[in-house]
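This report concerns only the one structure given below.
The values are calculated or read from the model by the stated rules, or taken from the named source; none is laboratory data. Values in this document were obtained by computation on a predicted structure and should not be read as measured data. Every residue, glycine as well, gets a Cβ built from its backbone with ideal geometry; the counts of neighbours run over all protein chains shown. Just so you know, the surface numbers come from the protein's heavy atoms only, side chains and all, with ligands and any DNA or RNA stripped out. Shrake-Rupley method; radii C 1.70, N 1.55, O 1.52, S 1.80 Å.
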Amino acid sequence: MVKIKTVFGCQNCGYQSPKWLGKCPDCGSWNSFVEEAVSPSVDHSGFSLAISAQGIPPQSILSIDTGEEGRQKTEISEFDRVLGGGLVVGSIVLIGGDPGIGKSTLLLQALDRLSRKKIQALYVSGEESLRQTKMRADRIGISSPSLFVLAENSLEKIIEHIQKLKPRVAVIDSIQTVFTSQLQSAPGSIGQVRESAGKLMMLSKSSGLSTFLIGHVTKEGAIAGPRVLEHMVDTVLYFEGDRGHPYRILRAVKNRFGSTNEIGVFEMKDGGLEEVANPSELFLAERPIDVPGSVVISSVEGSRPILVELQALVSPTSYGMPRRTAIGVDPNRVSLLVAVLEKKVGMNLAQQDIFVNVAGGVRIDEPAADLGVICAVASSFLDKPIPSGTMVIGEVGLAGEVRGIHQAELRMKEAFKLGFKRCLLPGSNRSRIALELEGIEMVGVKSVEETLEILF
Ligand code: TYD
Ligand code: MG
């Protein structure tokens, strides 16, 4: 193996040094040096290389033939939807998630489905032995003979095997365990991860191999090291969920070939991951009826409305500083909404601990959940339940006004499907909904005060 020349470059300012340094002498940042290859035989821009290698002169945009973009469907519909309608031939997909969340399981299942359609697939495990992988495969009932498994960490050997076997889909589990002997740094370091991914990308783009890279997420929430990969790869998916719950959500955060706000919902069972076709039903299944502090809200993820239960518990504090805890919603947003309740409705919450939780381990980032938080907190504080057939949606402004939200009609339809009797929604949305849904009362509200008056 010919050793190539490497340098250590500061990731902050680009300063280069032949040795690793703890502090950059140029910009002063700490721990910013990463080993990089300087050999001209190494090209970091696998993507641009493969694109430019076609050597086509500039063309009028109208004359370009897009043809039918080749997509391979995994037939796991939740997964296909998040990918934007199937796996694009020659694309690189990064899947991040906490350890133990089910990334290996999901991809093994996807490869099984693909290989059953006679698409040759290779699963490369750098973390588990062949026996361990086989045990998992038995557990989830894999039967396809065209699914190949390789336990290998060396990038050079992996590439060699891929070139020999010529699979059409490959999974690298995980990119942090793969290393190239051309760099001295340890496997999992940024330099190694970037170099390995770059090589695999070149291979993919030039041979039409579709590759999944699995990446572990660090404590800070970024895909460890692989954060640096996000701009290189075509698609970045996060697999999330609360380990105490069986539900898992696959979310696209970047997709060159589709929408980024689609989600897929899965349930982890004994025999692997199962798709959840109607998540609302699942999330509402254990909802307590007529209990103060519980309210149903709707969140739209991509093209898909999901109804979830939001819970609040308000109880007198036993400390000088009341606690404000939020799980599944932004805690800052909760503080803001509590302030609105205090100032605009005159609710005295200063001596109350407030806990807000989204049931089922779901996370909601939408402002449309604001009114739900307000109603749940008020319901718990007043000790008055919100009728169980009621859904509440709307963004709340600092003046206590209820503001319009997007996709109101879609949310109403989902509520209707699940048999809700009454929906409180922003007045501006109500006036624009032409849709007539039998048996569901749509109440437009303009302010927080008005909402609470209607409910309690
Ligand atoms: P895994 O796919 O190994 O997670 P990752 O690759 O993201 O680290 O999933 C591990 C967890 O999933 C483990 O806690 C056991 C559970 N599991 C099931 O509940 N059912 C199954 O069929 C399988 C294969 C795993
Ligand atoms: Mg794994």
Review point. Going through the range 107-120 one residue at a time, which ones are more than 16 Å from ligand 2 (Cβ to nearest atom) and charged (D, E, K, R)?
Key: Arg113, Arg116, Lys117, Lys118
Check your understanding: Out of the residues in the range 372-398 that are part of a helix (DSSP H, G or I) and touching a Gly at 6+ places or on another chain (Cβ under 6 Å), which is most open to solvent (accessible area, probe 1.4 Å)?
Key -> Ser380
**Study point:** Total residues in the range 121-138, condition of a type in the set (Val, Ile, Thr) and either more than 12 Å from ligand 2 (Cβ to nearest atom) or under 24 Å from the mean Cα position of the chain (by Cα) (or both)
**Key:** 1
Check your understanding: Looking at this structure, is Arg168 in the same structural domain as Ser181 (by TED's automatic domain parsing), of a type outside the set (Asp, Glu), within 26 Å of the chain's Cα centre (by Cα) and away from ligand 2 (no atom under 16 Å from the Cβ)?
Key -> yes
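Please report, ordered by residue number, the helices (runs of 4 or more DSSP H) entirely within the range 58-142 with at least 3 residues that are within 12 Å of ligand 1 (Cβ to nearest atom).
Here the list reads 103-116, 130-139.
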Study note, to complete from the structure: Flagged in the range 232-259 as more than 16 Å from ligand 2 (Cβ to nearest atom) and open to solvent by 60 Å² or more (accessible area, probe 1.4 Å), in numbering order, are Asp242, Gly244, His245, Val253, Arg256
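Based on this model, can you work out whether Ser196 counts as surrounded by 22 or more Cβ atoms within 10 Å (Cβ to Cβ), more than 16 Å from ligand 1 (Cβ to nearest atom) and free of Cβ contacts under 8 Å to residues at least 60 places away in the same chain?
So Ser196 passes the test.
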Study note, to complete from the structure: Within the range 132-157, the residues that are free of Cβ contacts under 8 Å to residues at least 40 places away in the same chain and either in contact with an Asp or Glu (Cβ under 8 Å, 6 or more places away or on another chain) or closer than 22 Å to Glu195 by Cα (or both) are Arg136, Ala137, Ile142, Ser143, Ser144, Leu147, Leu150, Ala151, Glu152, Asn153, Ser154, Lys157
Check your understanding: away from ligand 2 (no atom under 16 Å from the Cβ), of a type in the set (D, E, K, R) and open to solvent by 20 Å² or more (accessible area, probe 1.4 Å) - does that describe any residue in the range 88-102?
Key -> no
**Study point:** Scope the range 286-301; condition under 28 Å from the mean Cα position of the chain (by Cα) and surrounded by fewer than 17 Cβ atoms within 10 Å (Cβ to Cβ); matching residues
**Key:** Glu286
Practice item. Could you please let me know if Val308 is modelled with pLDDT under 95, part of a strand (DSSP E or B) and in the same structural domain as Arg411 (by TED's automatic domain parsing)? Key: yes
Review point. Exactly one of (1) within 13 Å of Phe148 (Cα to Cα); (2) more than 16 Å from ligand 2 (Cβ to nearest atom); (3) surrounded by fewer than 24 Cβ atoms within 10 Å (Cβ to Cβ) is unmet by Glu75. Its number?
Key: (1)
Study note, to complete from the structure: For the range 295-306, pairs from a residue that is within 16 Å of Lys417 (Cβ to Cβ) to a residue that is basic (Lys, Arg), with Cβ under 6 Å and 6 or more apart or across chains, are Ser298/Arg411; Pro305/Arg411
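Return yes when Ala252 is within 21 Å of Leu107 (Cβ to Cβ), at pLDDT below 90 and either within 16 Å of ligand 1 (Cβ to nearest atom) or not charged (D, E, K, R) (or both) and no when it is not. So that I can check it myself, show each step before the final result.
Values: within 21 Å of Leu107 (Cβ to Cβ): yes; at pLDDT below 90: yes; either within 16 Å of ligand 1 (Cβ to nearest atom) or not charged (D, E, K, R) (or both): yes.
For Ala252, the condition - within 21 Å of Leu107 (Cβ to Cβ), at pLDDT below 90 and either within 16 Å of ligand 1 (Cβ to nearest atom) or not charged (D, E, K, R) (or both) - is met.
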Practice item. For the range 399-431, enumerate the residues that are basic (Lys, Arg), open to solvent by 50 Å² or more (accessible area, probe 1.4 Å), at pLDDT 90 or above and out of contact with any Asp or Glu (no Cβ under 6 Å at 6 or more places or on another chain). Key: Lys421, Arg430
Point to revise | Criterion (among the polar types (S, T, N, Q) and either in contact with an Asp or Glu (Cβ under 6 Å, 6 or more places away or on another chain) or farther than 26 Å from Arg304 by Cα (or both)) met by exactly one of Ser104, Ser77 | key: Ser104
Practice item. Using the structure shown, decide if Lys446 is over 22 Å from Ser335 (Cα atoms), among the basic types (Lys, Arg) and either free of Cβ contacts under 8 Å to residues at least 40 places away in the same chain or open to solvent by 50 Å² or more (accessible area, probe 1.4 Å) (or both). Key: no
Check your understanding: Does Ser185 satisfy being crowded, with 23+ Cβ neighbours inside 10 Å, in contact (Cβ under 8 Å) with a residue 40 or more places away in the chain and in the same structural domain as Lys118 (by TED's automatic domain parsing)?
Key -> no
